[in-house]
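The values are calculated or read from the model by the stated rules, or taken from the named source; none is laboratory data. Just so you know, these numbers come straight off a predicted model, no measurement behind them. Every residue, glycine as well, gets a Cβ built from its backbone with ideal geometry; the counts of neighbours run over all protein chains shown.
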Amino acid sequence: MRYMSTRGHADRKQFCEILLEGLAPDGGLYLPESYPQISAIDLAKLRGVWNTQGYAALAFEVLSLYIDDIPAQDLRELCLKTYTKDCFGTSEIVPIKALKTDAAPGAEVSLEALSNGPTLAFKDMAMQLLGNLFEYELARRNAELNILGATSGDTGSAAEYAMRGKKGVRVFMTSPLGRMSPFQQAQMFSLLDENIHNIAIEGVFDDCQDIVKAVSNDLEFKRKYKIGTVNSINWARLLAQVVYYFAGYFQATHNDSQKVSFCVPSGNFGNVCAGHVARMMGLPIDQLVVATNENDVLDEFFRTGVYRVRGTADTHETSSPSMDISKASNFERFVFDLLQRDASQTKNLFHDQLNQKGQFDLGSNPLFANAKSKFGFASGKSTHTDRLKTIQETYANNHIMIDTHTADGLKVAVPLAKPGIPMLVLETALPIKFAATLVEALGKEPDRPPKFEGIEALPKRVMVLPQSAAAVKEYIASHCN
């Protein structure tokens with residue numbers, strides 16, 4: 001298996017090379033040269049693995065289609081080490097639960113629970129594996145890695161909890177100053193481990209993400225300080241997320257002739273891009289529904305073909321803050337496939353046109369119709385009023401509290417659910433992470449796991465820096481000696 005850049009760089013690399021690298025040298029994102037195809041026989045085999053051996057074994061089977069430079073037994077052990085009941089709370093790891101909703105008669109809507117890991121967010125599903133992969137590969141190379149990341153809320157804590165204490169790894173995590181919930185901030189900033197560094201940037205998430213890309217594109221600095229990434233621009237993280245689409249499918253269906261749809265709360269497009277990869281492999285997915293909040297850059301694209309990045313002043317601060325994003329870094333992977341893997345056209349759109357105009361328009365391109373007809377995408381938007389109503393109705397009808405992002409997904413999913421095709425809404429976090437909005441909606445606080453009692457009052461360590469790649473590079477350099 002070899003990996004290529006969406007922008008056409010000549011290099012072809014193996015998995016463990018791009019695991020530690022992040023962005024390609026030309027600023028593009030890595031994708032496999034072709035997606036492994038799942039035949040009917042393969043799908044039946046994977047269902048049998050799920051039914052008899054569970055999530056860790058399923059993860060090994062899916063990951064081994066993409067990873068051929070880690071011995072099979074080692075990869076199997078890494079999956080078994082990662083996906084345990086102790087870590088994720090249930091033997092299913094990602095259980096589904098049917099909901100009572102206002103969907104059309106015969107349409108079934110369920111939640112797929114992805115947030116039972118150490119930081120109560122779906123990011124743990126990939127990040128726990130990534131931490132073990134990093135430690136394994138760095139030990140093989142007798143090397144070190146300095147991870148630079150950007151978070152709008154959940155990636156940061158998931159990465160830091162996965163990497164804390166890992167040999168040979170430091171984490172430098174940027175986040176937008178004052179734009180995360182108090183619980184999210186406390187989860188990150190209360191970690192005092194020597195290898196964890198929190199950096200609050202005076203700006204919005206997109207500014208943090210731009211800094212990460214700018215540092216990654218400085219190849220001299222990247223090599224000197226061994227910079228890697230855990231954001232979903234890292235293919236390994238996105239690949240780990242592909243597994244739970246298969247697990248959701250096997251739970252929601254009785255046989256392999258059935259189709260399912262998934263609705264995914266989306267800001268950076270990484271989570272739903274994993275669903276796109278699963279669909280490209282042959283998993284029988286009908287719709288991939290992209291749910292946005294008021295920052296609706298992705299919904300606008302799927303409705304019109306226009307991808308229009310918003311500036312800092314136009315990025316809304318919302319009650320589903322992890323999706324307060326207007327520059328979806330993983331979106332390039334899908335557009336590359338949409339354009340029939342035309343790397344020069346992809347580079348023109350994401351490097352030239354976005355830098356010059358802040359937008360591009362594929363609405364008149366005949367290939368744009370394939371976003372829906374060939375790739376199965378649909379989209380919708382949710383507002384603060386919508387999510388309050390959805391939280392209230394879900395609790396009234398099911399006695400279940402959902403977080404604000406999951407509420408965005410459920411609001412968009414229900415009217416698009418089709419009779420006979422299960423619709424799975426991917427849960428993104430537990431509601432305690434966004435307690436203020438739950439109190440606003442329901443008049444009471446969500447349950448808080450005992451290990452997080454009093455977390456907001458713990459001592460915190462965080463460095464505030466300006467919106468500057470140079471300032472972040474200076475900070476990294478000063479802490480790598």
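Can you name every residue in the range 330-381 that is within 13 Å of residue 303 (Cα to Cα), outside any loop (DSSP other than H, G, I, E, B) and not small (Gly, Ala, Ser)?
Correct list: 361, 368, 370, 372, 377, 381.
Where in the range 167-226 are there helices (runs of 4 or more DSSP H), lying wholly inside it, with at least 2 residues that are β-branched (Val, Ile, Thr)?
Fully inside the range 167-226 and qualifying: 205-217.
Please count how many residues of the range 353-365 are buried (at least 17 other Cβ atoms within 10 Å of the Cβ) and either touching a strand residue (DSSP E or B) at 6+ places or on another chain (Cβ under 6 Å) or of a type in the set (Ser, Thr, Tyr) (or both).
Residues flagged as buried (at least 17 other Cβ atoms within 10 Å of the Cβ) and either touching a strand residue (DSSP E or B) at 6+ places or on another chain (Cβ under 6 Å) or of a type in the set (Ser, Thr, Tyr) (or both) within the range 353-365 amount to 1.
Evaluate the range 458-478: report whether one residue or more is among the polar types (S, T, N, Q), loosely packed, with under 12 Cβ neighbours inside 10 Å and over 25 Å from residue 89 (Cα atoms).
yes
Only one of (1) out of contact with any strand residue (DSSP E or B) (no Cβ under 9 Å at 6 or more places or on another chain); (2) surrounded by fewer than 16 Cβ atoms within 10 Å (Cβ to Cβ) is not met by residue 327, so which one is it?
Every listed condition holds for residue 327 apart from (2).
Would you mind stating whether residue 282 is at pLDDT below 95 and within 27 Å of residue 43 (Cβ to Cβ)?
Judged against the criteria, residue 282 is not a match.
Would you point out which residue out of 350, 336, 368 is modelled with pLDDT of 95 or more, buried (at least 22 other Cβ atoms within 10 Å of the Cβ) and either under 15 Å from residue 308 (Cβ atoms) or more than 23 Å from the chain's Cα centre (by Cα) (or both)?
Only one candidate passes the filter, namely 350.
Among the residues of the range 1-40, which ones are under 18 Å from residue 64 (Cβ atoms), assigned to a loop (DSSP other than H, G, I, E, B) and not aliphatic (A, V, I, L, M)?
Selection gives 2, 14, 33, 34, 35, 36, 37, 39.
Considering each residue of the range 15-74, count those that are under 21 Å from the mean Cα position of the chain (by Cα) and polar (S, T, N, Q), and give that number.
Summing the residues that are under 21 Å from the mean Cα position of the chain (by Cα) and polar (S, T, N, Q) in the range 15-74 gives 1.
Out of all the residues in the range 113-127, is one or more farther than 26 Å from residue 150 by Cα, surrounded by fewer than 24 Cβ atoms within 10 Å (Cβ to Cβ) and within 20 Å of the chain's Cα centre (by Cα)?
no
Residue-wise test of (1) surrounded by 19 or more Cβ atoms within 10 Å (Cβ to Cβ); (2) touching a strand residue (DSSP E or B) at 6+ places or on another chain (Cβ under 7 Å); (3) not hydrophobic (A, V, I, L, M, F, W, C).
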| residue | (1), (2), (3) |
| --- | --- |
| 1 | no, yes, no |
| 5 | yes, yes, yes |
| 24 | yes, yes, no |
| 30 | yes, yes, yes |
| 37 | no, no, yes |
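Does residue 85 satisfy being basic (Lys, Arg), surrounded by fewer than 15 Cβ atoms within 10 Å (Cβ to Cβ), over 17 Å from the mean Cα position of the chain (by Cα) and under 30 Å from residue 286 (Cβ atoms)?
no
Go through the range 389-409 and report how many residues are crowded, with 24+ Cβ neighbours inside 10 Å and touching a Phe, Trp or Tyr at 6+ places or on another chain (Cβ under 7 Å).
Final tally of qualifying residues: 2.
Is there a residue in the range 229-248 that is on the phi > 0 side of the Ramachandran plot, in contact (Cβ under 8 Å) with a residue 40 or more places away in the chain and either assigned to a loop (DSSP other than H, G, I, E, B) or surrounded by fewer than 22 Cβ atoms within 10 Å (Cβ to Cβ) (or both)?
Checking the range 229-248: not a single residue is on the phi > 0 side of the Ramachandran plot, in contact (Cβ under 8 Å) with a residue 40 or more places away in the chain and either assigned to a loop (DSSP other than H, G, I, E, B) or surrounded by fewer than 22 Cβ atoms within 10 Å (Cβ to Cβ) (or both).
Kindly list the number of the only condition in (1) touching a residue at least 24 places away in the same chain (Cβ under 8 Å); (2) among the polar types (S, T, N, Q); (3) touching a helix residue (DSSP H, G or I) at 6+ places or on another chain (Cβ under 7 Å) that fails for residue 390.
Looking at each condition in turn, residue 390 falls short on (1).
Report those helices (runs of 4 or more DSSP H) wholly inside the range 41-149 carrying at least 1 residues which are within 19 Å of residue 277 (Cβ to Cβ).
Of the helices (runs of 4 or more DSSP H) lying wholly inside the range 41-149, those with at least 1 residues that are within 19 Å of residue 277 (Cβ to Cβ) span 55-63, 72-82, 124-141.
Could you grab the pairs with beta carbons closer than 7 Å, sequence gap of 6+ or different chains, first residue in the range 93-114 and farther than 22 Å from residue 404 by Cβ, second one surrounded by fewer than 21 Cβ atoms within 10 Å (Cβ to Cβ)?
Pairs that qualify, where the first residue is farther than 22 Å from residue 404 by Cβ and the partner is surrounded by fewer than 21 Cβ atoms within 10 Å (Cβ to Cβ), are 104/419; 105/419; 106/419; 106/420; 107/418; 107/419; 108/98.
Are any residues in the range 288-333 hydrophobic (A, V, I, L, M, F, W, C) and modelled with pLDDT under 95, and if so, which ones?
Matches in the range 288-333: 309, 313, 323, 325, 328.
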